[in-house]
Amino acid sequence: MSKIQKIKGVADLFPEDSARYAFMEKTAREVFSAYGYGELRIPILEKTELFCRSIGEETDVVQKEMYTFPDRKGRSLTMRPEATAGVVRAYVENKIYQPGKVTKLYTYGPMFRYERPQAGRMRQFHQIDAEIFGASEPQVDAEVLLMLSTFLSKIGLEKLSFELNSLGCPECRPLFRKALDEFFNGIDKEQLCDDCQRRVSTNPLRVLDCKNKKCRELTVDAPSIPDNLCTECRDHFDVVIALIDEAGLEYTLNPRLVRGLDYYQRTAFEVTSGDIGSQTAVAGGGRYDGLVESLGGAKKVPGIGFACGMERLAMLLEGTFTEEMDFYVALVDERAAGDALIFAEKLRNSGLKGEVGFAAKSMKAQLRHANKIGAGKCFIFGADEFENATVTVKDMTESGEQITTPRDEYFK
């Protein structure tokens, strides 16, 4: 019978890899809770309409990347391609919003997009996501950026670049859209890549963000979003910049930064690394003040948030993250197997972490394994220990000290 292999674009995360993800999740929980965020767990499956209305019908995610299928009653369901839409849906459905109330939530877990698999880009990938609702002040934008910076620093990542832009609002963006349409009418659009030829009429802002060299050359003189902001958007962005300047966060202003989802407005940002090849973005987000209303919630509920790609962050983490053990119980005589197991259980009940050998093996092999798992002590059960109800304790540090003691007295 042929073996069954995993689906292309997904990964099995064994303990050493899983430990990296657990470390990131633990750090996120600690950092975000220090800023007043609470954990929310949202479903993997949502109604397809949620993503069409929030992300945008004409985005690449909705057009080409979603895992969508009918259920047994013919309802169209989608495996979540990102977390923000689901968080907003939960916020609206459960009527969390109240006038003047600020709600801070974070979540993490697997997301799904049908893309060409490569390093740092999987079809099942994982994100850490943080969202805040009910606060429109620029101070909120600055705090979100600083929280993201703190999280990335706490997991040990320093060589990262923050890029910022303002995407305007429903007041000033139509004017910019008009200027952009006029610009595209003056160039040979057939020289753009296939995606951008479609975007010119459906989502022209995304053309500015295209990484294709020819597209960037053709749009080098395109209108700039920051040059077309209304007074309120300009003032908002100026305060954000002033605050992160004062806090010492280094960044670059990128007038071509758009983000790939329709719901963003005003502050948008991305964090990149030059150490993971072409897939440089490790985190990104921005403000989405109209999203709650567009999904059936109250009017004028502002929101802002970000997501971190855990696969890409994991590629940047150095060192090992598996926990070292406090002890290893070495079995040298089969007759002592039961005694060794019970002794190990008593050690764990006292608050220690460790393993026990289930089959008798050579002392050399077991000491080698004890070193491998970082055990501080090795407890040896051989013939003498079995016959005399003792245990030999070997210090696995440089001292190498070894003593034999009655088992019953060890825990006194």
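The values are calculated or read from the model by the stated rules, or taken from the named source; none is laboratory data. What you are looking at is a predicted structure, and each value in this text was computed from that prediction instead of being measured. In this analysis, Cβ positions are derived from the backbone assuming ideal geometry, glycine residues included, and neighbour counts consider all displayed protein chains.
Below are the figures for this structure:
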{"item": "Among (1) without any contact (Cβ under 8 Å) to a residue 24 or more places away in the chain; (2) touching a helix residue (DSSP H, G or I) at 6+ places or on another chain (Cβ under 8 Å); (3) acidic (Asp, Glu), the one test that Glu30 misses", "result": "(1)"}
{"item": "Strands (runs of 3 or more DSSP E) fully within the stretch 282-387 counting 1 or more residues that are over 30 Å from Lys101 (Cβ atoms) and touching a Gly at 6+ places or on another chain (Cβ under 8 Å)", "result": "303-309, 327-331"}
{"item": "Unique match (being surrounded by fewer than 17 Cβ atoms within 10 Å (Cβ to Cβ) and acidic (Asp, Glu)) among Asp71, Asp60", "result": "Asp71"}
{"item": "Unique match (being among the hydroxyl-bearing types (Ser, Thr, Tyr) and within 14 Å of Ala307 (Cα to Cα)) among Thr68, Thr59, Thr84, Thr27", "result": "Thr84"}
{"item": "Failed condition for Arg216, given (1) surrounded by fewer than 19 Cβ atoms within 10 Å (Cβ to Cβ); (2) assigned by TED's automatic domain parsing to the domain that holds Gly168", "result": "(2)"}
{"item": "Any chance Glu57 is touching a Phe, Trp or Tyr at 6+ places or on another chain (Cβ under 6 Å), of a type in the set (D, E, K, R) and in the same structural domain as Val258 (by TED's automatic domain parsing)", "result": "no"}
{"item": "Pro110 in contact with a His (Cβ under 6 Å, 6 or more places away or on another chain) and within 28 Å of Ile155 (Cα to Cα)", "result": "yes"}
{"item": "Subset of the stretch 98-114 [in contact with a helix residue (DSSP H, G or I) (Cβ under 6 Å, 6 or more places away or on another chain) and in a loop (DSSP other than H, G, I, E, B)]", "result": "Arg113, Tyr114"}
{"item": "Single residue of the stretch 195-213 satisfying the filter (surrounded by fewer than 16 Cβ atoms within 10 Å (Cβ to Cβ) and out of contact with any helix residue (DSSP H, G or I) (no Cβ under 8 Å at 6 or more places or on another chain)) that is modelled with the highest pLDDT", "result": "Lys213"}
{"item": "Residue that is in contact (Cβ under 8 Å) with a residue 24 or more places away in the chain and surrounded by fewer than 20 Cβ atoms within 10 Å (Cβ to Cβ), where the choices are Leu229, Leu341, Leu331, Leu243", "result": "Leu243"}
{"item": "Selection within the stretch 143-194 - surrounded by 15 or more Cβ atoms within 10 Å (Cβ to Cβ), touching a Cys at 6+ places or on another chain (Cβ under 8 Å) and not in a helix (DSSP H, G or I)", "result": "Ser166, Gly168, Cys169, Cys172, Leu192, Cys193"}
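Yes/no matrix, rows are residues, columns are (1) assigned to a helix (DSSP H, G or I); (2) modelled with pLDDT of 90 or more; (3) farther than 16 Å from His126 by Cβ:
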{"site": "Lys8", "(1), (2), (3)": "no, yes, yes"}
{"site": "Ser18", "(1), (2), (3)": "yes, yes, no"}
{"site": "Ser33", "(1), (2), (3)": "yes, yes, yes"}
{"site": "Glu49", "(1), (2), (3)": "yes, yes, yes"}
{"site": "Gly74", "(1), (2), (3)": "no, yes, yes"}
{"site": "Thr78", "(1), (2), (3)": "no, yes, yes"}
{"site": "Glu82", "(1), (2), (3)": "no, yes, no"}
{"site": "Val88", "(1), (2), (3)": "yes, yes, yes"}
